[in-house]
Amino acid sequence: MTADEYVDGVEFALRDLPWRQRRELLADLRTHLAELPDGTDLVARLGRPASYAADLRTSAGIHQRHGAIAFIRSFRPLYVVFAATGLVALGLLIAAVAWVDSYQPLDFGNVSWGTPGSKPDVGDAGEHVAFRQGGLFEEGISVVNYGRFTVRVLGITGEYGHSFAELPLSNRRLTVAGPMPNRGQGTGAFRLFHPFDLEPGQLMLLKLTGTYHAHCRPNLGQDFWAVSGFQVSYRFLWRTGTAQIDLPTNLQINGPKNEYCGTGPPPS
């Protein structure tokens, strides 16, 4: 066994001691080993490293240490600082990732306009409008970025990701205007959607238009269609999220009475 191997064995047996105390004891051991002739059988001369370490404890009055504090103190202080700094950085990184994943700054902007001919429901918070073959449909709202950071608006669909194709409309067009400063109202030329950045304090207008159209035929009952809002998909840093923007009042389209306007065979 070489001198370095012997010192390593003693250090391992004293690993519960504070780093500075362990360093002093090993420094004395290295000095003692350097004074021995080359080729000395260290185990025969000094005993096994674990036994030598036990003798050091006895002579210094040091007992075996246990617990987390003893474990931490056994490392070099600089390593402890590095480890603590790394743990803090890791905690901050985890918190940052969680915050980014939960960041959702888009909300209804207090501006909306409803479908021509719609009326409030009696005793309900919604509205209804009668289906009129060939009549005009229009429903729109404003969406504001109330956050502190810019998001990239990627797409717009119906509520909860549903398509507007289920509505009894032809020539459906989902258009946008903006972005523009949020001054409580919004005006501007509407265009077909394409992705754009929405900065803090800016709003955009969303509008669904079309013409009432469905193949209706006589049948008992009545069909109904609901429009409750829009779903906006956006990107912030590495995360892609969605924001459900509900209409101030849900809209129900009432089909003609005693007619079936759906797809497929009418219900019996």
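Hey, what angle do you get for helix 19-34 against the long axis of the chain, alpha-carbon based, 0 to 90 degrees rounded to 10? The two axes meet at around 40 degrees. Among Gly109, Gly188, Gly158, determine the one that fluctuates most according to a GNM of the chain built with springs between C-alpha atoms less than 10 Å apart. Residue with maximal mean-square fluctuation among Gly109, Gly188, Gly158: Gly188.
Computing percent of Cα pairs over 31 Å apart for the structure here picks out one of (i) 56; (ii) 52; (iii) 17, namely (i). Estimated purely from DSSP H runs of n ≥ 4, each contributing -39500 (n - 2.57), the mean residue ellipticity at 222 nm for the chain is -9000 deg cm²/dmol once divided by its residues. Compared with the dominant principal axis of the Cα atoms in the chain, helix 3-13 is inclined by about 60°.
Largest first, the extents of the alpha carbon coordinates of the stretch 155-204 on the three principal axes equal 34, 21, 20 Å.
Distance from the alpha carbon centroid of the stretch 142-202 to that of the stretch 206-236 works out to 17 angstrom. Sites listed here are trypsin sites (Lys or Arg not before Pro) in the stretch 135-215 whose DSSP assignment is loop and whose Cβ has at most 10 other Cβ atoms within 10 Å: Arg148, Arg183. Other residues within the sphere of radius under 15 Å centred on the Cβ of Thr157, judged by their own Cβ, net out at -1 (K and R +1, D and E -1). For Gly135, the amide hydrogen comes within under 5 Å of the amide hydrogens of Tyr212, counting only partners 5 or more places away or on other chains and with H modelled in the peptide plane. In terms of other Cβ atoms within 10 Å, Met1, Met180, Met204 run from fewest to most in the order Met1, Met180, Met204.
Note on the stretch 106-260: along the principal axes its Cα atoms extend 54, 29, 26 Å, ordered by decreasing extent.
All of the numbers you see were taken from the coordinates with simple rules; none came from a lab. Bear in mind the structure is a predicted one, so any value in this text is a computation, not a measurement. Note: ideal-geometry Cβ built from the backbone for every residue, glycine included; neighbour counts use all protein chains shown.
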